[in-house]
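J.: Input: one structure, supplied below.
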Amino acid sequence: MEAGSCGTAALSITGPDCRLLCKHCGAGILRNMKAAVTPESLFREARRVFQRGGRSILVSGGSQEDGGVPLAPFLPTLKAIRSEWGLKVLVHTGLVSSHM
C-alpha cells in the first residue's frame, strides 16, 4: 500500500469484510484499503510503508456484530511496528469493549 500524500497508508485487518454493512458506508471504504488480515501481513505492510518513506499507518477494518473492529490479536504487532520503525499508528477501533 502506498502512503497517500499525507504519508499515511490505510490498512484493513478484515480485508473488505464487514458484518454490519451500515448504510453510510456499506463496507465501501474498506475496498480502498490494503488488506492485512494477519499480524504477520500487517507487520510486512508496515515495513513496506516505512521503507518507502511513509510516516504512519491507519489501521481499521470492518465491524463485527458487536460494532467493534477485531483488533486484539493485532495489538502486539501494532506495538512492535511503533517501536521498530517509529511509525505513527492511528487506529479506528469501532466500539471498544472493556477488555481492550
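The values are calculated or read from the model by the stated rules, or taken from the named source; none is laboratory data. Given the structure is predicted, the values throughout are model-derived calculations rather than measurements. Cβ: placed from backbone, ideal geometry, glycine included. Neighbour counts: every protein chain shown.
J.: Look at Ala80 and say whether it is modelled with pLDDT of 90 or more, aliphatic (A, V, I, L, M) and out of contact with any helix residue (DSSP H, G or I) (no Cβ under 6 Å at 6 or more places or on another chain).
T.: Spelling it out, Ala80 is indeed modelled with pLDDT of 90 or more, aliphatic (A, V, I, L, M) and out of contact with any helix residue (DSSP H, G or I) (no Cβ under 6 Å at 6 or more places or on another chain).
J.: Inside the range 53-87, can you point out the residues that are more than 20 Å from Pro16 (Cβ to Cβ) and loosely packed, with under 14 Cβ neighbours inside 10 Å? Spell out how you get there, then give the answer.
T.: So in the range 53-87, the residues more than 20 Å from Pro16 (Cβ to Cβ) come out as 53-56, 72, 75-87.
Those that are more than 20 Å from Pro16 (Cβ to Cβ) and loosely packed, with under 14 Cβ neighbours inside 10 Å: Gly53, Ala72, Leu75, Pro76, Lys79, Ser83, Glu84, Gly86.
J.: I'm trying to understand the selection: among the residues of the range 69-85, which are within 11 Å of Thr38 (Cα to Cα) and part of a helix (DSSP H, G or I)?
T.: Pro73, Phe74, Thr77
J.: A further question follows. How many of the residues making up the range 31-56 are under 10 Å from Ile13 (Cβ atoms) and part of a helix (DSSP H, G or I)?
T.: 3
J.: Of the residues in the range 49-75, how many are under 14 Å from the mean Cα position of the chain (by Cα) and either modelled with pLDDT of 90 or more or closer than 17 Å to Val89 by Cβ (or both)? Reasoning before the result, please.
T.: Within the range 49-75, the subset under 14 Å from the mean Cα position of the chain (by Cα) is 49, 56-63, 68-75.
Add one more test, that the residue is either modelled with pLDDT of 90 or more or closer than 17 Å to Val89 by Cβ (or both), and what stays is 49, 56-61, 69-75.
Summing the residues that are under 14 Å from the mean Cα position of the chain (by Cα) and either modelled with pLDDT of 90 or more or closer than 17 Å to Val89 by Cβ (or both) in the range 49-75 gives 14.
J.: Take the residues in the range 22-39 that are at pLDDT 65 or above and exposed (fewer than 15 other Cβ atoms within 10 Å of the Cβ); name whichever of them is farthest from the chain's Cα centre (by Cα).
T.: So, considering only residues that are at pLDDT 65 or above and exposed (fewer than 15 other Cβ atoms within 10 Å of the Cβ), the one farthest from the chain's Cα centre (by Cα) is Lys23.
J.: Exactly one condition in (1) touching a helix residue (DSSP H, G or I) at 6+ places or on another chain (Cβ under 9 Å); (2) of a type in the set (Gly, Ala, Ser); (3) at pLDDT 95 or above is not met by Ser12; state its number.
T.: (3)
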